Each structure stands twice: as structure tokens, then as C-alpha cells.
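Structure first, commentary second.
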Amino acid sequence: MATFGSLALIIGLALAAYNLFAGGVALRLIATGQQAAISPERLADTARRAGIAVFIAVTAAAFALVYAALTNDFSITYIMEHSNRALDLKYKFAALWSGQEGSLLLWCWLLAAYGFVLRLRHKTDVKLYAYAGTIFAAIQVFFLAVVNFAAPPFSLLRGTIPADGNGLNPLLQYPEMVIHPPMLYLGYVGFSVPFAFALGALMMRYPGEKWIKITRVWTLVTWLFLTFGIFLGMHWAYAVLGWGGYWGWDPVENASFMPWLTGTAFMHSVMMQEKRGMMKSWNVWLIFSTFLLTLLGTTLTRGGLVSSVHAFAQSSIATWFYVAMGVTLAICIFTYIMQRDHLRADHQLESLVSRESSFLFNNLVLLTACFVILWGTLFPILSEYVQGSKVTVGAPFYNRVAIPIGLFLLFLTGVGPLLPWRSTSLKAVKRNFIVPTIALWVTVAVCLIFGPRPLSTWFSEAGYFYALVAFAVSASVFTAIASEFLRGAGVIAKQTGKNLAAAMYLLTRRNTRRYGGYLIHIGVVIIVVGLAGAAFNKSTEKELALHDSMSVGPYTLECVGFTQDSNANYDSNYALLDVYQNGKKQFQMAPEKRVYTASQQPQTMVAIHSVLSWDLYTVFEGTNPDTGQPIIKAFLNPLVSWIWAGVVLIVGGTFIALVPSLTPATAAVKAPATATLHAEPVLKGGD
């Protein structure tokens, strides 16, 4: 399989190179009007077909590596290092992305899959797709060159082939790791598509905003994959690493978060270009930056530049990505300079209190957050280069800066939908903001009355103060969005005679992009409430003999057993804990510590009991070498389940936003014949 896989990758690189060369020549001939032995249209079509064939070649290579893992082919170095015979079947499959070479092969395969779909849809706009497909081919050439020459996944083991492999990293032997990396890569890789369209549209001076409409679905789907991948990673960190948290501002976490920030800014900013012909330069540079940040994130992860549980070992592969980023940036700058007159805005900002200004402030806040995170992530590298010693930047730095920025962004999330385009009257401000303002101050009062004592606690500790602000602003934003739903649904209910629920459904179907976006914003609000709960976390640690107990929050944990077990893959020790509340036994938990046979590496398996109010989170820290008794650490983490609920709502809202809205004719059919479905003011300007 090694020979087959290597040959497939070489063929894939040759096909991508032909796609790039022939596509570039065809576009040049079309632009200059020159005659050639073969028509440029025919040449461009052969280039497109070569791009489609890349998917077949890379799929064959990916299949070869997975097959080698499933059949325990330890003659391949990669399989020997990342698999073993006793490894569960799903983790053998996941070995494809568990190491440097395999993860890059997965990247190439996903890139080829995106390219396959892109090239099949070429008739949507043949010339624009030809430009985008050629630029996309250049990206494919780079990554296929990396897996062919810098990080080949099919290198053969020298010397005696071992009877068994080293096994998969214990941190990766968790069900979510079967889906977390592919989801994250689908987001990373997917941003190559809108980047290719944006650069291609700029090169050819594409008229209008059609390229944005073409790439809207690509961008939204890619953003969804990246969002879901990030939160899956958070849940993995929460459930596997055993430190009681879900986000530690790890450099590799930051590497995935930065393109998410710029991608989010891009999705909001393009609405300005579609509606008002504004922020055209912003949009091309936002998507350029997003793509460059995906390359930077890959460099940080695979170049060994940062220390992280997510990162791969030190590697010379970083040089390849430095060159790729430099060339990409140079092309983007050159193209922008040559075509910048094509990006002149059709309108100017007329008022600081308007929908346009809210989008502008939204972009500025997101980019500020991205810059802060980028600075903190790169600071250890820069300090080592300048001073000769690495100065690390920890979570306190990010929290001091990012939390206020995030709260202001949350505020804008509620303000933006309430502002009309162009300008806002004082009367409209009073009408739209009075209820959200009341909700804000009612929430503050409730927190002060029923929250921690004394009241000064809320203001003397930064964590509590930020939590108070987060709860209050979240309530205000939720009220603002809910009022938009209710106002529009009320108009439709009055016109059609439908009940409020049916009217709300019809309202959403008439403008899925707007109201799907509102649901996404509500999901963000719920997540912020969950994050704010971290200010009230409690923890305790104790060595427990048989029938000893410990308390955390309203729970009492009693140790009723300490057991050992083993199987072909690992040996384990776990404690049995009966959990009591108000003197009554509620449930049992079994935190575990494993040692994997192949690698002899330990792994903590936490036990978590979740309810709406909080998580009870227990960790088997190890055993006391003198007494042999388990050491248990218990956390009470409020509102964590709200984070995961918010993610579900974001996913649902994104799917709604992807569904085409009802046309006026279809919407009329769904209403009684006597109803008149006018586009009332509350439903205008909904994107």
C-alpha cells in the first residue's frame, strides 16, 4: 500500500500542477485575445477536469493510509508510530489525522473534496469559476508538494519491522477526537474557497457583488465547521485533560480562534457590500487575512514553534509555510494595489447611529480581539528571537484584554439589529431600546439581590464584576432579539390570522438569513452566560480512604471502592464515589486513571455529572504511594451545560440561514387568500 499511496500522491500533484498551468495559460489567452493551437476554452476545460481528477488521486492515497492502519502494516513508519494491534477500530481510522504526515494528507483530501465540488459547479459563472479554480489549484499544488517531499505519509521503516506499533497518543483515544480534527480542518480548508473567489474576482475586476452571493453558502458552511470544531475541542479539553476547564488560551486553541474571528467579521461585513456597496476593501482583506491565518495556524501547530498538548513535534515543515504565507501575502498586496480603484465604495457612512456603523464597530472589535490574541500567541516566539529567552503569555493576559472586548462585542450583537440603515431617529432609539434597557437593569437587580454576599463582592473581584456585566448584557441582547421576533410575528399573525408560533415560523421562512442569524446570536448569548458561570467555580482535593467523604457545593462524595482493571489496550485504576445531596444518595461516579500498554503513557478519564445549573466534575489524580489510597479532586462548575446548548442553537440557526427564503409568491400561498402579505417595515433590511 505504501507504493500505491505514494504513486497516488505524485499523480495528484501532477494533475494539480497541470490544472494550475493550463488554467493560467487559458485565462491569459482569454484576457489578451491571442490565438493558440487549442482554444482557450478547451484548455480551461481540460484544466478543470484535471482538478476534478485530483480528488480521485488523493482519495486513493487517503484510502491507502487508512487501509494500512486497519491491517496493522507496521512497515510504514507513520502507522508504526501512531497505531497498534489492540487499538480500537475507530481510533485506527482516526490515526489518519493523529500525526504530522497523516493530518496533512487529510488536509489535502479535504482540499481536493472542496475543489471537486467547486469545479462541478463551474457553469454558475464560467469565467469567475475558472479564475477561482486556478487559484485553488495553486493552493493544492503547495499542499501536495508538502506531503510528497516534506512530510510523506508513506515512508517505509528502516530495519526490522516490529510486531506491534507504538500506539495512538492516549489524549487522542476519546470518541470526540474521531470527529473534532476533521471538523476543524473542514473549517480551515474551506476558507480556501472564498479566498480563491475573492482573489479571482479582484484579478478579473468582476462587476457587482455576485461573487459574494456565490460564496455566501461556502463561507457559512465553512464557518459552521470551524465553529463546531472549536467547541468540540473545548469539550474534549474539558472531558479529557482533567484540569476542570475548557479553554486555556493555548497557542493552538488561539490558532483556530483567530481565523474564526476574521471569518465572522467577513460574514457580517459582506452584508454592507450587498446592501449599500460599502466596505469592499474591508471584505477582500478580511478574507485574505482569514486564509493567511489558517496558514499561520497550521505553521504554529506543525512547525513546533509553540508548546501545546495540541501541537506536533519540532519540524522543518515551518519553512514551507513561511514561504507560502510570504508568496500569498505578496500576491494579495500586488493585486489589491493594481485593482484598488475597483473597490471604491458606492456610499459613505451617513451616521454613527445606524446599521452601517454597527457593522463597522463590529469589524473593529473583532479585529482588535484577533490582534490581541495574535500578539499574545507570537510574543514568546518574538521574545526568544529578540532577547534569546522565551517569555510566555498566560491566561491572565488574555482574560484582562479579551473579556472586556468580548462583552462590548456582545453589546453590539444586540444593538445592531435594532438600528435601521443609513440613520436613526431619536424616536426609533427610544422605541427599540427601552425594553432591552429595562431587562438589563432588572437582571442587575436580581443578581445583586440573590447573588453572593456581601454586595461588594460583585465589584471587588474582577471575575464577579465581569460575570455581572455578562449576565446583564446577555439579558438585554436576548430581549432585543426576542422583541424583533415577536414584533415581526405579531404583524404576520394580524395579517394572516395564524397563531403566534405559526406566524413566527412563517416569519423565519420568509427571511431565513436574517432570522437564522438571530438564532445564532441567541446561541452566542447562551454561550456567554455559560462562560460567565466560571466566575463561581469551586474545587476541593482530598485523599480518600474507604468510606471517607469530601464536600463540594451541595454535594457530598463518599469513596465506596477502589478498583483495578485491564484489557489488551490499557490498565486502569478507578474510584467508586457515591454522591449525596441533602443526605440522600443521588448517583455514583467513577473517575479513572489509565496506563496504555503500547506507549506506557498515563491518561486521566474524568467523571462528569451535568445538570442545567452546574457540572459536578471529578478527577482521579492518582494514588498516594505511601497509603495506596486514591486522591480525588472535585469541581463544581456552574452553567457549563449552557455552553454546549448554545452551540446546538448556533448549529440550528446556521442550517436555517442556509435554507433559501420563501419567495413572495410562495409565502402568499402559505397565507389565507384574504390576507395581504406586504413587506412591513419591521421585516425590511433583514439581512
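The values are calculated or read from the model by the stated rules, or taken from the named source; none is laboratory data. Remember, it's a predicted structure, so these values are computed and weren't measured experimentally. Every residue, glycine among them, receives a Cβ derived from its backbone with ideal geometry; neighbour counts consider all protein chains shown.
For the stretch 629-641, indicate whether the set of residues that are more than 30 Å from N166 (Cα to Cα), assigned to a helix (DSSP H, G or I) and among the aliphatic types (A, V, I, L, M) is non-empty.
Looking through the stretch 629-641, at least one residue is more than 30 Å from N166 (Cα to Cα), assigned to a helix (DSSP H, G or I) and among the aliphatic types (A, V, I, L, M).
Sort out which residues of the stretch 642-661 are of a type outside the set (V, I, T), over 30 Å from S539 (Cβ atoms) and assigned to a helix (DSSP H, G or I), and write them in order of number.
Hits for the stretch 642-661 are G652, G653, F655, A657, L658.
Failed condition for I52, given (1) modelled with pLDDT of 95 or more; (2) farther than 27 Å from V146 by Cα; (3) among the aliphatic types (A, V, I, L, M), with all others met?
I52 satisfies every listed condition except (2).
Rundown of residues vs (1) part of a strand (DSSP E or B); (2) surrounded by fewer than 18 Cβ atoms within 10 Å (Cβ to Cβ), yes/no style:
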site	(1), (2)
S551	yes, yes
G561	yes, yes
Y580	yes, yes
Q603	yes, no
L612	no, yes
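Any residue at all in the stretch 310-320 that's at pLDDT below 90, surrounded by 15 or more Cβ atoms within 10 Å (Cβ to Cβ) and either in contact with a strand residue (DSSP E or B) (Cβ under 8 Å, 6 or more places away or on another chain) or part of a helix (DSSP H, G or I) (or both)?
yes
Can you find a residue that is touching a helix residue (DSSP H, G or I) at 6+ places or on another chain (Cβ under 9 Å), in contact (Cβ under 8 Å) with a residue 24 or more places away in the chain and either under 25 Å from A598 (Cα atoms) or among the basic types (K, R) (or both) anywhere in the stretch 20-40?
Checking the stretch 20-40: not a single residue is touching a helix residue (DSSP H, G or I) at 6+ places or on another chain (Cβ under 9 Å), in contact (Cβ under 8 Å) with a residue 24 or more places away in the chain and either under 25 Å from A598 (Cα atoms) or among the basic types (K, R) (or both).
Restricting attention to the stretch 566-580, which residues are under 27 Å from K90 (Cβ atoms) and more than 36 Å from the chain's Cα centre (by Cα)?
S566
Residue check, E209 against (1) at pLDDT 90 or above; (2) closer than 24 Å to G517 by Cα, all met but one. Which one?
(1)
Do we find a residue being more than 30 Å from I212 (Cα to Cα), over 25 Å from the mean Cα position of the chain (by Cα), of a type outside the set (A, V, I, L, M, F, W, C) and not in a helix (DSSP H, G or I) anywhere in the stretch 104-125?
There is no residue in the stretch 104-125 that is more than 30 Å from I212 (Cα to Cα), over 25 Å from the mean Cα position of the chain (by Cα), of a type outside the set (A, V, I, L, M, F, W, C) and not in a helix (DSSP H, G or I).
In this structure, is A545 closer than 30 Å to T227 by Cα and either crowded, with 20+ Cβ neighbours inside 10 Å or assigned by TED's automatic domain parsing to the domain that holds P602 (or both)?
No; evaluated as a whole, the condition is false for this residue.
Out of L171, L199, L184, I need the residue that is of a type in the set (A, V, I, L, M, F, W, C), under 19 Å from Q100 (Cα atoms), over 16 Å from the mean Cα position of the chain (by Cα) and in a helix (DSSP H, G or I). Which one?
Only one candidate passes the filter, namely L171.
Could you say which residue among W223, W211, W249, W236 is farther than 20 Å from T540 by Cα, part of a loop (DSSP other than H, G, I, E, B) and in contact (Cβ under 8 Å) with a residue 24 or more places away in the chain? Full working, then the answer.
On the way: W223 fails: part of a loop (DSSP other than H, G, I, E, B); W211 fails: part of a loop (DSSP other than H, G, I, E, B); W236 fails: part of a loop (DSSP other than H, G, I, E, B).
On inspection, the qualifying residue turns out to be W249.
Are there any pairs with C-beta distances below 6 angstrom linking a residue in the stretch 569-588 that is under 30 Å from Q601 (Cα atoms) and in contact (Cβ under 8 Å) with a residue 12 or more places away in the chain to a residue that is among the acidic types (D, E) and surrounded by fewer than 18 Cβ atoms within 10 Å (Cβ to Cβ), with the two at least 6 apart or on different chains, and if so which?
S572/D565; D578/E558; Q588/D578
Only one of these is outside any strand (DSSP E or B) and among the small types (G, A, S): A575, A534. Name it. Quick ask: steps written out before the conclusion?
On the way: A575 fails: outside any strand (DSSP E or B).
Just a single option satisfies the conditions, and that option is A534.
Restricting the stretch 403-417 to residues that are within 21 Å of the chain's Cα centre (by Cα) and touching a residue at least 60 places away in the same chain (Cβ under 8 Å), which is nearest to K430 (Cα to Cα)?
In this case the residue turns out to be T413.
Scan (1) buried (at least 23 other Cβ atoms within 10 Å of the Cβ); (2) at positive phi; (3) of a type in the set (S, T, N, Q) for the single condition S98 breaks and write down its number.
(2)
Out of everything in the stretch 219-235 that is surrounded by fewer than 23 Cβ atoms within 10 Å (Cβ to Cβ) and touching a Leu at 6+ places or on another chain (Cβ under 8 Å), what residue ends up being farthest from L171 (Cα to Cα)?
L220
Let me spell it out: the conditions are (1) within 30 Å of the chain's Cα centre (by Cα); (2) in contact (Cβ under 8 Å) with a residue 24 or more places away in the chain, and V444 meets all of them except one. Which number is the exception?
In the conditions (1) within 30 Å of the chain's Cα centre (by Cα); (2) in contact (Cβ under 8 Å) with a residue 24 or more places away in the chain, V444 misses (1) alone.
If you go through the stretch 469-492 one residue at a time, do you hit one that is surrounded by 14 or more Cβ atoms within 10 Å (Cβ to Cβ), out of contact with any strand residue (DSSP E or B) (no Cβ under 7 Å at 6 or more places or on another chain) and at pLDDT below 80?
The answer is no, given that none of the residues of the stretch 469-492 is surrounded by 14 or more Cβ atoms within 10 Å (Cβ to Cβ), out of contact with any strand residue (DSSP E or B) (no Cβ under 7 Å at 6 or more places or on another chain) and at pLDDT below 80.
When both residues are 6+ apart or on different chains and their Cβ atoms are under 8 Å apart, which pairs have a first residue that lies in the stretch 162-177 and is in contact (Cβ under 8 Å) with a residue 40 or more places away in the chain, and a second that is surrounded by fewer than 17 Cβ atoms within 10 Å (Cβ to Cβ) and of a type in the set (K, R)?
Hits for this filter: D164/R85; G165/R85; P175/K90.
Being without any contact (Cβ under 8 Å) to a residue 40 or more places away in the chain, surrounded by 13 or more Cβ atoms within 10 Å (Cβ to Cβ), in a helix (DSSP H, G or I) and under 31 Å from the mean Cα position of the chain (by Cα) is the requirement here; does F465 meet it?
yes
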